[in-house]
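Trainee: My questions all concern the structure below.
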Amino acid sequence: MKFDMALRPIRITLSLFAAMLLAAGCRTARPDAAQLPVKHFVRSEQLLVVSDVELRKDHALIQDLIQLRQDVAHELQLPLEGRDVVVYVFADKAKYQKYLDKTYPGLPPRRAYFVGTPKELAVYTFWGDNIQEDLRHEFTHGLLHAQLKDVPLWLDEGLAEYFEVPRSTPNAVNREYARKLGIAIANNWEPDLERLESLQDVIQMQRADYQEAWAWVHFLLHSSDDSHEVLLNHLQELRENPHPAPLSIALHDTLPEVNNRYLSHLSSLNSIQPANHQR
């Protein structure tokens, strides 16, 4: 397996996880609970944090996740309810990696994972310098899967990348992505939402695909009322139907010259002034 995303957290779907277990000769997906963090528990609505590091409810990390849940619900017009998302925080990278190697053999090294199964929506990570960024990304996956029947891969990753950026950043702009996409546009790159929609497995996604998915989400949320409505309607349909028509169909029907509008929107992102807060 090859991932062109050095040290980036990724989503692992149930189908991919099952395939990995079969390849490794495993017959069960039951985790070894003895290796999971067990010392400290913090609960707030859908969020349950189980950690080997003592975290109080008023800790900035916990408060950030609580606020993120509010932001996702508000911006995407999703209800504040649904299945719990359990966040397991290991004390260090070694314990985290040991657990993953035993429970989910064959996964490439990443700082954090979201694993969604019918039994549990779980996020795994370890205490480190990037924990806020990683948990914002993976917790977003959990919130989406708690509300929707299914989430197309490109949209799942695009929304997770979007909400990974702190709200203190103007218009939630990932400056690295905006810069790289600006360079791509200057070199005659053309967007292709239909190609993104065809990707069914996270191992198919390259770093450029994550960038483009983030940019489509940003475009849909910020470009116009019409683009915003297309996204919200699609998400509402996903609450009842796991396999609706691709979003690109409604987008092309609603927004003439959508690719040109998308490129224009991307070009404008590099003109937004950065805030004092840096990622």
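Trainee: Any chance region 69-92 includes a residue that's in contact with a Ser or Thr (Cβ under 9 Å, 6 or more places away or on another chain) and over 22 Å from Glu164 (Cβ atoms)?
Mentor: Checked region 69-92: at least one residue is in contact with a Ser or Thr (Cβ under 9 Å, 6 or more places away or on another chain) and over 22 Å from Glu164 (Cβ atoms).
Trainee: Those residues that are under 30 Å from Arg167 (Cβ atoms) and part of a helix (DSSP H, G or I), I need them from region 101-132; list them, please.
Mentor: Ile131, Gln132, listed by residue number.
Trainee: Determine whether Leu80 is of a type in the set (A, V, I, L, M, F, W, C) and at pLDDT 95 or above.
Mentor: No.
Trainee: Follow-up. Inspect region 144-151 for any residue being in contact with a strand residue (DSSP E or B) (Cβ under 9 Å, 6 or more places away or on another chain), under 22 Å from Glu75 (Cβ atoms) and of a type in the set (Asp, Glu) and give the result as yes or no.
Mentor: no
Trainee: Separate question: Condition test on Glu194, is it within 30 Å of His252 (Cα to Cα) and at pLDDT 95 or above?
Mentor: Taking the combined requirement at face value, the residue satisfies it.
Trainee: Would it be correct to say that Gln147 is modelled with pLDDT of 95 or more and exposed (fewer than 14 other Cβ atoms within 10 Å of the Cβ)?
Mentor: no
Trainee: Now a separate question. Within region 230-264, restricting attention to residues that are in contact (Cβ under 8 Å) with a residue 24 or more places away in the chain and among the charged types (D, E, K, R), which residue is nearest to Gly182 (Cα to Cα)?
Mentor: Arg261
Trainee: Among the residues of region 179-225, count how many are surrounded by 14 or more Cβ atoms within 10 Å (Cβ to Cβ), more than 24 Å from Thr169 (Cβ to Cβ) and of a type in the set (Asp, Glu).
Mentor: 1
Trainee: If you scan region 213-228, which residues turn out to be closer than 22 Å to Ala160 by Cβ and free of Cβ contacts under 8 Å to residues at least 40 places away in the same chain?
Mentor: Answer for region 213-228, where residues must be closer than 22 Å to Ala160 by Cβ and free of Cβ contacts under 8 Å to residues at least 40 places away in the same chain: Leu220, Ser227, His228.
Trainee: Here are Asp101, Asp129: which of them is assigned by TED's automatic domain parsing to the domain that holds Ala60, in contact with a Leu (Cβ under 9 Å, 6 or more places away or on another chain) and of a type in the set (Asp, Glu)?
Mentor: Answer to the selection: Asp101.
Trainee: Show me the helices (runs of 4 or more DSSP H) entirely contained within region 133-212 in which 2 or more residues are under 18 Å from Ser223 (Cα atoms) and not hydrophobic (A, V, I, L, M, F, W, C).
Mentor: Details: elements: 153-164, 175-186, 193-198.
Hits in region 133-212: 153-164, 175-186.
Trainee: Return yes when Gly106 is on the phi > 0 side of the Ramachandran plot and in contact (Cβ under 8 Å) with a residue 40 or more places away in the chain and no when it is not.
Mentor: Here the answer is yes, as Gly106 does meet what is asked.
The values are calculated or read from the model by the stated rules, or taken from the named source; none is laboratory data. Please read all numbers here as calculations on a predicted model, not as lab measurements. Positions of Cβ are backbone-derived with ideal geometry, glycine not excepted, and every protein chain shown enters the neighbour counts.
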